[in-house]
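Visitor: Submitted below is the structure of interest, expressed as structure tokens.
The values are calculated or read from the model by the stated rules, or taken from the named source; none is laboratory data. Keep in mind it's a predicted model, so treat the numbers as computed, not measured. FYI the Cβ positions are ideal-geometry reconstructions off the backbone, even for glycines, and counts take in every protein chain you see. Accessible surface is based on the protein model in full, side chains and every heavy atom, while ligands, DNA and RNA are left aside. Shrake-Rupley method; radii C 1.70, N 1.55, O 1.52, S 1.80 Å.
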Amino acid sequence: MTTVLIADDQPLQRMGFRMLIEGTPGLTPVGEAAHGAEAVRLAAELRPDVVLMDIRMPGMDGLEATRQIVATGGRTHVLIVTTFDLDEYAYEGLRAGASGFLLKDARPEELVAGIHAVATGDAVVAPRLTRRLLDAYAHQVLAPS
């Protein structure tokens with residue numbers, strides 16, 4: 001059973017994620033957080049396999065919450081799920097230690113596959129961000145000196 005903590009400041013979004021997780025064999029929601037500090041606290045307390053993390057939340061945002069959760073060195077993996085298709089959010093999320101970055105317009109089966117992927121130690125990135133990430137990597141790391 002893969003346990004999932006949902007961190008999003010929008011109650012309707014949390015409810016939708018919870019309904020999807022509850023309806024998926026092998027997944028179970030273990031808690032919900034409305035802001036980053038609550039996500040950090042609940043991740044330490046509940047030790048979920050995966051945290052679905054929004055970026056823009058009041059108080060501590062999802063990027064800082066991701067940094068803090070990953071810094072504990074525990075088994076919890078973070079999958080950022082956001083509305084904002086912005087390269088800087090993807091870069092910062094991955095730098096913060098997130099195992100994945102998906103957009104909220106992903107199909108339910110893509111989100112479920114993403115949860116399973118990061119729970120097993122793999123990584124997942126929204127398909128339309130992948131090309132931009134590869135281009136940035138190629139220009140910065142693989143560029144001739």
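Visitor: Let me make sure I get this right: for the range 1-135, a, b and c are the square roots of the gyration tensor eigenvalues over alpha carbons, sorted descending. Under 1.5 in a/c it's rounded, otherwise prolate if a/b > b/c, else oblate. Which is it?
Guide: Details: a/c = 1.32, a/b = 1.13, b/c = 1.17.
Note, shape of the range 1-135 comes out rounded.
Visitor: On the accessible surface of the range 2-142, probed at 1.4 Å, how many percent belong to carbon and sulfur atoms?
Guide: Of all accessible area on the range 2-142, carbon and sulfur atoms account for 56 percent.
Visitor: For the range 29-91, which chymotrypsin sites (Phe, Trp or Tyr not before Pro) are both in a DSSP coil and crowded by at most 15 other Cβ atoms within 10 Å?
Guide: Answer in residue order: Phe84.
Visitor: On the full set of protein chains, 1.4 Å probe, figure out the accessible area of Leu94 and give it in Å² to the nearest 10.
Guide: Roughly 60 Å² of Leu94 is accessible to a 1.4 Å probe.
Visitor: By accessible area of protein heavy atoms, probe 1.4 Å, what ranking do Arg14, Arg67 get, highest first?
Guide: Arg67, Arg14
Visitor: Please give the FRET efficiency for Arg95 paired with Gln13, using the beta carbon to beta carbon distance and R0 = 22 Å, rounded to the nearest 0.05.
Guide: On the way: r = 24 Å, r/R0 = 1.10.
About 0.35, to the nearest 0.05.
Visitor: Could I ask something else about it? Quick check: residue separation of Ala113 and Arg128 times 0.36 nm, minus the Cα distance between them. What number comes out in nm?
Guide: Working it through step by step, the gained length comes to 3.8 nm.
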